[in-house]
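Engineer: Quick one: the structure is below, questions incoming.
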Amino acid sequence: MIEAVGLSKHYGKTVAVDDLSFTVRSGRVTGFLGPNGAGKSTTMRMILGLDAPTAGTVRIDGKRYRELHQPLRTVGALLDAKWVHPNRSARAHLHWLARSNKISTSRVDEVLEIVGLTGVANRRAGGFSLGMSQRLGIAAALLGDPQVLLFDEPVNGLDPEGILWIRRFMHRLADEGRTVFVSSHLLSEMALTAQELVVIGRGKLIAQCSTDEFVAQATESTVTVRSPQADLLGSALRDQGGAVRAENGHLVVSGVDITEIGELAAAKGIVLHELSPQRGSLEEAFIQLTGDSVEYHAAVGDQTAAAASGADLMTAGK
């Protein structure tokens, strides 16, 4: 478990993190989201003892990072995939890390196999692509078989197969009871990966809840209805207090739940071809709830395009 209490970080007059408190539980994949400049990377650095908090505390399984004996056995992290001496091979880099924490060197070959780098283990890391570097960084995070794992933008540079692999791998780690904390600006991927969310903006906590709760509180749930008697059904739904609009040959209904729609159609003998619930996306919810915390806005003419592609265009908070 990771627990931050009143965590703050100031750089002169600049406040990067502001009285931030949250808990990352074990057995779940927790996504760490926020607009550019939100303070995510600074927070992760404070968790790992790389930056000292101005105020507050952050503990990993009840201890500060500097209090951990052989820390790679407790927490593994990927913050910068290119943090490897370019002239070292992947195997040599992992051997060096293993010796520093008294980890058996046999574990090196195990993690190389896990991340799919066995075939290039003796190549210089400086010649690796970004995707290969990400896999090496994940291998380093796994080296001590830790219970707590932090990943900052782990899918950058990965191809679709690699993205699917890391998603399933994180779920497997969480299913084993580990704490998995991951930041990403790819919100469509986070919607598939994270069960819980910690969302921050301008260094402050915006929300901590399940992914489903976050989407539900910020977006409108609707029901898609297709019927050859759409006009009759639409009129009946409006009489029930529902909001109805026609869209591409079907009705989009809000304010009336799906059960009521089905019962109303049955009572009036209206044929239904489709009755399906729809919910907003994580991108829509993110934009809705973090709009006041965005440090850099697109020009007015670009906002429609930005909204269409969602918050995937936003870079992660650094």
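Engineer: With 271, 253 as the choices, which residue is under 31 Å from the mean Cα position of the chain (by Cα) and either outside the structural domain of residue 78 (by TED's automatic domain parsing) or loosely packed, with under 15 Cβ neighbours inside 10 Å (or both)?
Structural biologist: 253
Engineer: Among (1) assigned to a helix (DSSP H, G or I); (2) modelled with pLDDT of 95 or more; (3) not acidic (Asp, Glu), where does residue 285 come up short?
Structural biologist: It is condition (2) that residue 285 fails.
Engineer: Also, quick follow-up: Just to be sure before I move on: is residue 86 part of a loop (DSSP other than H, G, I, E, B), in the same structural domain as residue 30 (by TED's automatic domain parsing) and within 22 Å of the chain's Cα centre (by Cα) in the structure I sent?
Structural biologist: no
Engineer: The conditions are (1) touching a residue at least 24 places away in the same chain (Cβ under 8 Å); (2) loosely packed, with under 14 Cβ neighbours inside 10 Å; (3) not aromatic (Phe, Trp, Tyr), and residue 1 fails exactly one of them. Which is it?
Structural biologist: Here residue 1 meets the rest and fails (2).
Engineer: For the stretch 1-19, enumerate the residues that are outside any strand (DSSP E or B) and closer than 23 Å to residue 178 by Cα.
Structural biologist: Residue satisfying the conditions is 1 alone.
Engineer: Quickly run through the stretch 60-73 and pick out the residues that are under 22 Å from the mean Cα position of the chain (by Cα) and outside any strand (DSSP E or B).
Structural biologist: Scanning the stretch 60-73 gives a single hit, 61.
Engineer: I would also like to ask the following. If you take the residues in the stretch 196-218 that are more than 16 Å from residue 280 (Cα to Cα) and not hydrophobic (A, V, I, L, M, F, W, C), which one is surrounded by the most Cβ atoms within 10 Å (Cβ to Cβ)?
Structural biologist: Ranking the candidates gives 203 first.
Residue-by-condition table, conditions (1) of a type in the set (S, T, N, Q); (2) part of a loop (DSSP other than H, G, I, E, B):
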position: 21; (1), (2): yes, no
position: 32; (1), (2): no, no
position: 80; (1), (2): no, yes
position: 107; (1), (2): no, no
position: 113; (1), (2): no, no
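Engineer: Among the residues of the stretch 34-59, write down those that are assigned to a strand (DSSP E or B) and modelled with pLDDT under 95.
Structural biologist: Hits for the stretch 34-59: nothing passes.
Engineer: Spot the failing condition for residue 166; the list is (1) buried (at least 22 other Cβ atoms within 10 Å of the Cβ); (2) in a helix (DSSP H, G or I), and only one is missed.
Structural biologist: (1) is the only condition that residue 166 fails.
Engineer: Those residues that are crowded, with 19+ Cβ neighbours inside 10 Å and in a loop (DSSP other than H, G, I, E, B), I need them from the stretch 169-183; list them, please.
Structural biologist: Once the filter is applied, which keeps residues that are crowded, with 19+ Cβ neighbours inside 10 Å and in a loop (DSSP other than H, G, I, E, B), the stretch 169-183 yields only 178.
The values are calculated or read from the model by the stated rules, or taken from the named source; none is laboratory data. Fair warning: this is a prediction, and the values are worked out from it, not measured in the lab. Cβ atoms come from the backbone with ideal geometry, glycine included; neighbour counts cover every protein chain shown.
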